[in-house]
Structure formats: C-alpha cells, structure tokens
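Pasting a structure here, questions to come.
The numbers here are math on the coordinates, done by the rules we state, and not lab data. Remember, predicted model here, so these are calculated numbers, not experimental data. When we count neighbours, we look across all protein chains shown, and the Cβ atoms used for this are built from the backbone with ideal geometry, even at glycine.
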Amino acid sequence: MILIRTMLTGLLLLAATAPASAADHCFSRNEQKAKAAAHAVVPLSRVIRKVRPHGEVIRARLCEHGGKLVYQLTVLGADGKVAHTSVDAADTADAAPSGPRAQGK
C-alpha cells in the first residue's frame, strides 16, 4: 500500500511539473461511437477498468493528439485529488494511465 501511494505521489509530482499540452482535436460523441464501431480504438470500458485502481474516471474524451488517438481522462483519486491523464486509445497493451497532471481541489 505504501509503495502504491509513493508511486502515485511520484507520478503526480512529475506530471505537475510537466507542461500541459492541449489536444489537436477532440471528437464529438457521434464521432467517438463511429471510431469504436470501426474498432479503431480500445473500448472505453476496458480503459476505465484498467484505470479504476488509480481512482474513479469522472470524465473521458477521445482526442487526436500528434496524429495518435488518445483518451483524455479526468480521474478522482481516493485522496480526493483530481488528476488528468492520457491513454493510448489504439493500443490495448497501453490501456493504463500515463502522464497524470494533478490539479488541486
């Protein structure tokens, strides 16, 4: 438990110092559904299951960033802090959070 807490704290600190970059384009709900139907992305439900141990996903958007499809997630941690993270939406192996950006409550 201490190891997990230490790792999450380290990730949050690292992400807080990294500059936040905006997505090139985020898709509408209909566009997201079309991408999912075409199997161009990992199902959002699978990504949420992978992220769940880190906190509750309170917002998810499918966006294109640098030519890659990513899910931009807002996660509410067990400690009550909000973090933003991106997950590769096209690769099932990478259905885990990377680069959370902490945002104080």
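For the residue pair residue 46 and residue 79, what label-to-label distance in nm results when each label sits 7 Å from Cα along the Cα-to-beta-carbon direction?
3.1 nm
Between residue 56 and residue 91, what is the label-to-label distance in nm when each label sits 7 Å out along the Cα-to-Cβ direction?
Each label point is offset 7 Å from its Cα along the Cβ direction, giving 3.1 nm.
Distance in nm between label sites at residue 68 and residue 25, each 7 Å beyond Cα in the beta-carbon direction?
1.9 nm
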